[in-house]
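Colleague: Sharing a structure with you now.
The values are calculated or read from the model by the stated rules, or taken from the named source; none is laboratory data. Here the structure is a predicted model, which is why all the values come from computation and not from measurement. Neighbour counts run over all protein chains shown; Cβ positions are idealised from the backbone, glycine included.
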Amino acid sequence: MDLGLGERIVGLTEQDNCRPVLKKAVTVGFYIQPNLEKIAALKPDLVLFDVYPGQAETRRRLAGLGLKVESFEVRRLSDILAVTDRLGGLTGRIREAGRLNRRLKAQLERYRNPAGPGRPRVYLEVGHDPYFSAGRDSFLHELIELAGGRNIAGSLPGAYPRVDAEFIIAADPEVIILSGMDSGDARAVGRRPGWDRLSAVRSGRIHSGLGTHPLTTPSPRLILENLPVLHRILNSARR
């Protein structure tokens with residue numbers, strides 16, 4: 001989409017957030033287990049996958065049908081630029097990828113060193129039952145730090161570590177961000193046992209998502225759209 005390839009996308013999954021825009025594209029099932037017959041019937045020139053352990057067999061079977069399959073993994077924000085470059089090469093949009101990456105680099109540089117004291121403590125909820133947050137090995141941890149916050153789960157190993165309510169309450173986040181993926185209702189957060197004492201709940205600084213682009217989707221729009229919104233939210237919470 002960001003490289004101007006929307007008209008060439010023939011299939012997508014139920015979870016793709018661009019479905020309302022790509023009305024002509026065929027839905028090929030769920031992200032974790034797409035329908036191979038539907039994909040093959042579309043006769044795509046290229047099939048793109050995010051790296052997910054449970055999809056290894058799906059990728060192997062599609063390649064066995066003679067389809068060109070490419071996989072991408074995004075762990076850090078810099079990986080978004082690398083994927084953009086690679087997609088540009090695969091689709092003949094090298095110039096477009098270069099222009100987009102220059103915009104991304106400029107945006108990242110703009111927020112590289114957030115000034116001022118009082119960086120607010122942030123809890124970003126990736127999953128609700130049980131609780132999962134953004135660990136030190138995730139691009140979401142980078143996003144929080146870049147926007148001027150202190151990620152309460154930033155010292156935990158892994159990308160999306162499981163945390164318990166006691167950990168969250170003890171950390172007393174001043175801002176709570178619900179990712180919108182598998183997170184709770186913002187209005188119900190304060191009704192969770194013990195959460196009424198949290199600074200974020202008392203001040204009403206609970207935010208569900210950050211605009212129309214899902215936080216858990218590591219695309220260029222995460223940097224171009226979500227980062228400025230998160231920065232404004234965290235800047236208003238500075239002490």
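Colleague: Mind listing whichever residues of segment 69-79 are assigned to a helix (DSSP H, G or I) and either free of Cβ contacts under 8 Å to residues at least 40 places away in the same chain or exposed (fewer than 13 other Cβ atoms within 10 Å of the Cβ) (or both)? Spell out how you get there, then give the answer.
Modeller: Filtering segment 69-79 for residues assigned to a helix (DSSP H, G or I) gives 77-79.
Matches in segment 69-79: Ser78 only.
Colleague: Restricting attention to segment 189-200, and to residues there that are of a type in the set (D, E, K, R) and not in a helix (DSSP H, G or I), which single residue is surrounded by the most Cβ atoms within 10 Å (Cβ to Cβ)? It would help to see each step written out before you state the result.
Modeller: So the first thing to find is which residues in segment 189-200 are of a type in the set (D, E, K, R), and the list is 191-192, 196-197.
Then keep just the ones that are not in a helix (DSSP H, G or I); that gives 191-192.
Numbers: Arg191: 11, Arg192: 16.
Filtering segment 189-200 for residues that are of a type in the set (D, E, K, R) and not in a helix (DSSP H, G or I), the one surrounded by the most Cβ atoms within 10 Å (Cβ to Cβ) comes out as Arg192.
Colleague: For segment 201-239, which positions are in a loop (DSSP other than H, G, I, E, B), of a type outside the set (Gly, Ala, Ser) and either closer than 17 Å to Arg187 by Cα or in contact with a Pro (Cβ under 8 Å, 6 or more places away or on another chain) (or both)? Before the answer, list the steps.
Modeller: Narrowing segment 201-239 to residues in a loop (DSSP other than H, G, I, E, B): 204-205, 209-219, 237-239.
From the residues that got through so far, the ones that are of a type outside the set (Gly, Ala, Ser) too are 205, 210, 212-218, 238-239.
Selection gives Arg205, Leu210, Arg238, Arg239.
One line per residue, one yes/no per condition, for (1) surrounded by 16 or more Cβ atoms within 10 Å (Cβ to Cβ); (2) in a helix (DSSP H, G or I); (3) in contact (Cβ under 8 Å) with a residue 40 or more places away in the chain:
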{"site": "Gln15", "(1), (2), (3)": "no, no, no"}
{"site": "Phe49", "(1), (2), (3)": "yes, no, no"}
{"site": "Ala56", "(1), (2), (3)": "no, yes, no"}
{"site": "Arg60", "(1), (2), (3)": "no, yes, no"}
{"site": "Leu67", "(1), (2), (3)": "yes, no, no"}
{"site": "Leu81", "(1), (2), (3)": "yes, yes, no"}
{"site": "Asp85", "(1), (2), (3)": "no, yes, no"}
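Colleague: Of a type in the set (Gly, Ala, Ser), in contact (Cβ under 8 Å) with a residue 24 or more places away in the chain and under 22 Å from Pro214 (Cα atoms), is that true of Gly11?
Modeller: So Gly11 passes the test.
Colleague: Leu3 - would you say it is touching a Lys or Arg at 6+ places or on another chain (Cβ under 9 Å), under 13 Å from Pro220 (Cβ atoms) and either at pLDDT below 90 or assigned to a strand (DSSP E or B) (or both)?
Modeller: Numbers: touching a Lys or Arg at 6+ places or on another chain (Cβ under 9 Å): yes; under 13 Å from Pro220 (Cβ atoms): yes; either at pLDDT below 90 or assigned to a strand (DSSP E or B) (or both): yes.
The answer is yes for Leu3.
Colleague: Looking at this structure, is Val122 within 30 Å of Ala200 (Cα to Cα) and under 19 Å from the mean Cα position of the chain (by Cα)?
Modeller: Working: within 30 Å of Ala200 (Cα to Cα): yes; under 19 Å from the mean Cα position of the chain (by Cα): yes.
Yes: the conditions hold for Val122.
Colleague: Can you report the number of residues in segment 67-81 which are of a type in the set (Gly, Ala, Ser) and farther than 13 Å from Ile223 by Cβ?
Modeller: Of the residues in segment 67-81, the ones of a type in the set (Gly, Ala, Ser) are 71, 78.
Filter once more, so that each one left must be farther than 13 Å from Ile223 by Cβ: 71.
So the count comes out to 1.
Colleague: Now for a different question. Given the criterion out of contact with any strand residue (DSSP E or B) (no Cβ under 6 Å at 6 or more places or on another chain), small (Gly, Ala, Ser) and free of Cβ contacts under 8 Å to residues at least 60 places away in the same chain, identify the matching residue among Ser133, Ser155.
Modeller: On the way: Ser133 fails: out of contact with any strand residue (DSSP E or B) (no Cβ under 6 Å at 6 or more places or on another chain).
Criteria check complete, one pass: Ser155.
Colleague: With the requirement that a residue be small (Gly, Ala, Ser), on the phi < 0 side of the Ramachandran plot and in contact (Cβ under 8 Å) with a residue 12 or more places away in the chain, what does segment 158-186 give you? Walk me through it before giving the result.
Modeller: Keep residues of segment 158-186 that are small (Gly, Ala, Ser), which gives 158-159, 165, 170-171, 179-180, 183-184, 186.
Narrowing further to those that are on the phi < 0 side of the Ramachandran plot: 159, 165, 170-171, 179, 183-184, 186.
If the condition is that a residue be small (Gly, Ala, Ser), on the phi < 0 side of the Ramachandran plot and in contact (Cβ under 8 Å) with a residue 12 or more places away in the chain, then Ala159, Ala165, Ala171, Ser179, Ser183, Gly184, Ala186 are the ones that fit.
Colleague: Residue under question is Val10, and the condition is that it be touching a strand residue (DSSP E or B) at 6+ places or on another chain (Cβ under 8 Å), at pLDDT 85 or above and under 30 Å from Leu230 (Cα atoms); does it hold?
Modeller: On the way: touching a strand residue (DSSP E or B) at 6+ places or on another chain (Cβ under 8 Å): yes; at pLDDT 85 or above: yes; under 30 Å from Leu230 (Cα atoms): no.
No: the conditions fail for Val10.
Colleague: Within segment 23-34, restricting attention to residues that are buried (at least 17 other Cβ atoms within 10 Å of the Cβ) and in a loop (DSSP other than H, G, I, E, B), which residue is modelled with the highest pLDDT?
Modeller: Within segment 23-34, the match that is modelled with the highest pLDDT is Val28.
Colleague: Looking only at segment 35-47, count how many residues are touching a residue at least 12 places away in the same chain (Cβ under 8 Å) and either in contact with a Leu (Cβ under 8 Å, 6 or more places away or on another chain) or not in a loop (DSSP other than H, G, I, E, B) (or both).
Modeller: Number of matching residues: 7.
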